[in-house]
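Visitor: To start, I am sharing the structure in question, which I have written as structure tokens.
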Amino acid sequence: MKYVGLDWAYRTAQWCALDPGGEIAGEGRFAADRDGLARLVLELGDEVTACLEMMSGALWARDELVACGWQVQVADARKVKTVAPLAAKTDKVDARLLAELSRRQLVPALWLPSLDERALRERLRRRMHLVRLRTSAKGRIFGLQTQWGIRISLRRLRRADGMTLLERAGMPAVWRHSISESLALIDFLDARIVPLDAELRPFAQADPRAVLLDTIPGVAELLALTIAVEIGEISRFAGPEKLVSYGRLAPRVRQSGQGRPHSGPLNKSGSRLLGWAAVEAAQHAWRESNPWHQLYLDVSRRSRNHNSAKAAVARKILIAAWHMLSRNEPFKPAPRTGATSVPASSRLALAA
């Protein structure tokens with residue numbers, strides 16, 4: 001049995017093999033492609049336990065090696081640094097470290113979704129990318145209008161006489177052309193988002209997790225599917241705060257000595273798509289019927305920033321999602337002030 005560490009990169013990768021006693025049995029570099037992996041397998045055989053850090057291409061490399069008979073774990077790069085901080089960091093040192101973690105069975109392994117789940121995630125990420133481009137185009141149209149003191153709704157601008165309205169309002173031709181291009185871009189994106197939504201809807205209706213999450217106010221079918229797929233197995237999150245952190249919505253807290261802790265920028269490690277979906281669902285918190293409407297108002301007034309208010313509501317949505325998926329229960333909002341109380345065991349703990 002050999003224990004192999006792979007420091008994967010875009011062009012070439014470094015490998016190191018250790019024997020059961022911890023002695024180096026071989027090391028070197030190889031091309032980070034299918035041919036390079038095949039040559040490595042031919043050189044080392046199939047009785048191998050390997051470890052590589054998570055990065056772009058790591059899951060594909062893991063699948064290729066598993067198909068060749070290797071046992072492969074993908075390590076969380078952040079936790080590897082915690083387990084074994086390095087004074088010198090090079091590809092060769094990294095490969096040796098990963099091999100040693102594999103030999104000692106100390107790999108901080110990541111939970112890995114199946115190929116089908118990864119394919120569904122890619123569909124959802126494609127949708128997020130298209131929706132964000134469309135939102136950006138809508139924002140540009142609004143910004144161009146404000147430069148000339150004009151405010152015409154997007155729906156009205158998309159009619160046949162939309163450009164004529166802008167001309168009558170005094171907008172010069174150059175700015176009108178910019179708006180026309182943005183409208184054409186929105187039409188182009190709509191033509192791709194609509195069929196993609198239709199393709200994803202059956203997945204949402206067939207996923208019991210998404211059906212549960214769809215009961216949260218503001219979380220529609222596709223956002224529910226997005227949250228469910230990005231979470232994966234809820235058991236891998238010890239508590240709701242772990243899920244909030246994974247969604248990149250937990251602020252970093254700094255404290256030194258006896259000083260007061262200070263909140264910094266949001267944590268950037270985790271799932272960008274999960275955080276985006278939660279914030280999208282939080283867009284509806286301005287409605288009085290929303291259970292987090294008062295929180296939205298309070299944070300907006302205190303911070304004078306609607307984005308901060310949406311982030312606060314998004315955190316509540318993920319907290320609710322954790323409780324719902326952990327208990328397999330639909331959404332049950334906590335009673336508002338003045339309402340008749342119900343036992344704590346029969347409602348979700350929505351307060352952070």
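Visitor: What number comes out for accessible area per residue over the chain if the probe is 1.4 Å? Units Å², please.
Guide: 56
Visitor: Connecting C-alpha atoms closer than 10 Å in a GNM of the chain, tell me which of 228, 321, 13 has the biggest fluctuation.
Guide: Highest fluctuation of the listed residues: 13.
Visitor: Turning to a different aspect of this structure: Let me check I've understood the local charge: for residue 47, count other residues with C-beta under 14 angstrom from its C-beta, Lys and Arg +1, Asp and Glu -1. What total comes out?
Guide: -1
Visitor: Residue 2: which aspartates and glutamates have alpha carbons under 13 Å from its alpha carbon, excluding same-chain residues fewer than 8 sequence positions away?
Guide: Reachable aspartates and glutamates: 19, 23, 27, 43, 46, 47, 100.
Visitor: Roll a 1.4 angstrom probe over the protein heavy atoms and tell me the percent of accessible area of region 1-49 that is carbon or sulfur.
Guide: 47
Visitor: Among rounded, prolate and oblate, which fits the chain when a ≥ b ≥ c are the square roots of the eigenvalues of its C-alpha gyration tensor, a/c under 1.5 means rounded, and a/b larger than b/c means prolate?
Guide: prolate
Visitor: Got a number for carbon plus sulfur as a percent of region 80-140's accessible area, 1.4 Å probe?
Guide: Reported share for carbon and sulfur atoms: 51 percent.
Visitor: Right, another one. Only bridges whose two residues both fall in the chain count here: according to DSSP, what percent of them are antiparallel, nearest 5?
Guide: Of those bridges, close to 60 percent are antiparallel.
Visitor: Quick one: if the Förster radius is 41 Å, what FRET efficiency do residue 92 and residue 328 give, using the C-beta to C-beta distance and rounding to 0.05?
Guide: That pair, residue 92 with residue 328, gives E of 0.30.
Visitor: Using a cut-off of 19 Å between alpha-carbon atoms, which aspartates and glutamates can reach residue 316, once sequence neighbours fewer than 8 places away in the same chain are excluded?
Guide: Output for residue 316: 214, 221, 230, 241, 280, 288, 298, 329.
Visitor: Report the trypsin sites (Lys or Arg not before Pro) located in region 1-62 that are in a DSSP loop and have at most 13 other Cβ atoms inside 10 Å of their Cβ, or state none.
Guide: Passing sites in region 1-62 are 11.
Visitor: Modelled label-to-label distance, residue 156 and residue 47, 7 Å Cα→beta-carbon offset: nm?
Guide: 7.8
Visitor: Charges only on Cβ, +1 for Lys and Arg, -1 for Asp and Glu: so what's the dipole of region 1-155 about the Cα centre, in debye to the nearest 20?
Guide: Once rounded to the nearest 20, the dipole reads 1640 debye.
Visitor: Looking at region 1-76 only, what percent of DSSP beta bridges run antiparallel? Nearest 5 please.
Guide: Looking only at bridges with both residues in region 1-76, the antiparallel portion is about 55 percent.
Visitor: Sorted by accessible area (1.4 Å probe), largest first, how do 89, 138 line up?
Guide: So, going from the largest accessible area down, we get 89, 138.
Visitor: Would you mind checking region 102-132 for residues with the amide N under 19 Å from a putative spin-label position 7 Å along Cα→C-beta of residue 71?
Guide: 102-112
Visitor: How much solvent-accessible surface does residue 135 expose, in Å² to the nearest 10, with a 1.4 Å probe and all protein chains in place?
Guide: Approximately 80 Å² for this residue.
Visitor: Return the calculated 222 nm mean residue ellipticity for the chain, to the nearest 500 deg cm²/dmol, obtained by summing -39500 (n - 2.57) across DSSP H runs with n ≥ 4 and dividing by the residue count.
Guide: -17000 deg cm²/dmol
Visitor: Taking a probe of 1.4 angstrom, what is the accessible area of residue 164 in Å², to the nearest 10?
Guide: Using a 1.4 Å probe on the heavy atoms, I get roughly 60 Å².
Visitor: Nothing charged except the Cβ atoms of Lys and Arg (+1) and of Asp and Glu (-1): what's the magnitude of the dipole of the chain about its Cα centre? Round to the nearest 20 debye.
Guide: So the magnitude is around 2000 debye.
Visitor: Which loop-located chymotrypsin sites (Phe, Trp or Tyr not before Pro) does region 101-192 contain, where loop means any DSSP state but H, G, I, E or B and the Cβ has at most 16 other Cβ atoms within 10 Å?
Guide: Here the sparse-neighbourhood loop sites are 111, 148.
Visitor: If you don't mind, there's one more thing I want to ask. Take the chain, connect every pair of alpha-carbon atoms lying under 10 Å apart with a spring to form a Gaussian network, then pick out the residue of 127, 176, 155 with the largest mean-square fluctuation.
Guide: Answer for the Gaussian network model of the chain: 155.
The values are calculated or read from the model by the stated rules, or taken from the named source; none is laboratory data. Every value quoted in this text rests on a predicted model; they were computed, and no experiment measured them. Cβ coordinates were reconstructed from backbone atoms using ideal geometry, including for glycine residues, and neighbour counts include every protein chain displayed. Note: accessible area is taken over every heavy atom of the protein model, side chains too, but ligands, DNA and RNA are not part of it. Shrake-Rupley method; radii C 1.70, N 1.55, O 1.52, S 1.80 Å.
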